[in-house]
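Since the structure comes first, as structure tokens, the remarks are kept for the end.
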Amino acid sequence: MNITCVIGARGGSKGVAGKNFRPLLGKPLIAWSIEQALACPEIGRVVVSTDSEAIAEVSRAAGAHVPFMRPAELANDTAGKWEVWQHALAATDAHFAGDPIDLFVDLDCTSPLRDVADISRAIAQFQAASVDAVFSVCEARKNPYFNMLEADENGSLRICKQLPKPIVRRQDAPKVYEHVASIYVLSPDYLRRGTGLLSGRTQGYDIGSAKSLDIDSEFDFELVEYLMRKRLGLPT
């Protein structure tokens, strides 16, 4: 089975300038995800989708293929991940003609706290289930049935999702999950015909809150760097 991992990294970033190839503990951020994918025994090929020659260069140095450059219309602030995936699937299959992708894996390069074992487990969960996609989640820190609020028509705050009997203990509230942008495992057929990640049959792989941080700000970058230092036994 040809399991291909695609890692998307555009050159522009508003939250953290150049974050996708900014050094993290002496290594470009994207290199952490490339190395995790290469170390995953189920993955046979690692491809990077980017519009940036600088990112392409560091990605090749880390061991990834960069067989195409992402078009400009898929590298701006309004481009959706689904369309980027669809383009990457078609472009990769066209480049590696005769060796089509059987399973499409995406690792978000701004989530380096995952383990290689998490990738393997997410792939195994997909293969054991009759679903279109498996993607990383964690239990939500706030719960709309218990402690998340919204204003009613009079401006008064109310619980977002009210049940006939109010929830007075968090443990009694229905479990809800946060979407963690870290690992995605998708059927290529679903990616071609679907309209979005949640348009088909999906399951969540619970990666745990300790690995759920996504770098979207300078504070996030500093926090991830601190956690990576602790994990690797480096001075903090």
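The values are calculated or read from the model by the stated rules, or taken from the named source; none is laboratory data. If you're wondering where the values come from, they're calculated on a predicted model, not measured in any experiment. Cβ coordinates were reconstructed from backbone atoms using ideal geometry, including for glycine residues, and neighbour counts include every protein chain displayed. Each accessible area value is taken on the protein alone, full model and side chains, heavy atoms only, with ligands, DNA and RNA left out. Shrake-Rupley method; radii C 1.70, N 1.55, O 1.52, S 1.80 Å.
The residue that is nearest to GLN86 (Cα to Cα), among those in segment 160-202 that are of a type in the set (A, V, I, L, M, F, W, C) and open to solvent by 50 Å² or more (accessible area, probe 1.4 Å), is LEU198.
Screening segment 28-39 for residues that are of a type outside the set (Phe, Trp, Tyr) and under 16 Å from the mean Cα position of the chain (by Cα) and picking the one that is farthest from ILE3 (Cα to Cα) gives LEU29.
The condition of being open to solvent by 20 Å² or more (accessible area, probe 1.4 Å) and more than 29 Å from ARG193 (Cβ to Cβ) holds for only one of ALA72, ALA54, ALA31, ALA79, that being ALA54.
As a summary of the residue check, GLY12 satisfies the conditions (1) more than 26 Å from ILE123 (Cα to Cα); (2) not in a loop (DSSP other than H, G, I, E, B); (3) not acidic (Asp, Glu) except for the one numbered (2).
Looking at the structure I just gave you, is ASP118 among the acidic types (Asp, Glu) and at pLDDT 95 or above? So that I can check it myself, show each step before the final result.
Working: among the acidic types (Asp, Glu): yes; at pLDDT 95 or above: yes.
Yes, satisfied.
Among residues of segment 41-70 that are in contact (Cβ under 8 Å) with a residue 60 or more places away in the chain, those with a beta-carbon under 9 Å from a residue that is assigned to a loop (DSSP other than H, G, I, E, B) and among the charged types (D, E, K, R) at least six positions away or on a different chain give the pairs ARG70/ARG10; ARG70/ASP51. Evaluating ASP118 against the criteria (1) open to solvent by 70 Å² or more (accessible area, probe 1.4 Å); (2) closer than 16 Å to VAL105 by Cα; (3) among the charged types (D, E, K, R) leaves one unmet condition, (1). For LEU103, the conditions (1) open to solvent by less than 20 Å² (accessible area, probe 1.4 Å); (2) in contact with a strand residue (DSSP E or B) (Cβ under 9 Å, 6 or more places away or on another chain); (3) closer than 25 Å to ALA210 by Cα are fulfilled apart from (3).
Residues in segment 206-226 that are within 13 Å of the chain's Cα centre (by Cα) and hydrophobic (A, V, I, L, M, F, W, C) were compared, and the one that is most open to solvent (accessible area, probe 1.4 Å) is LEU213.
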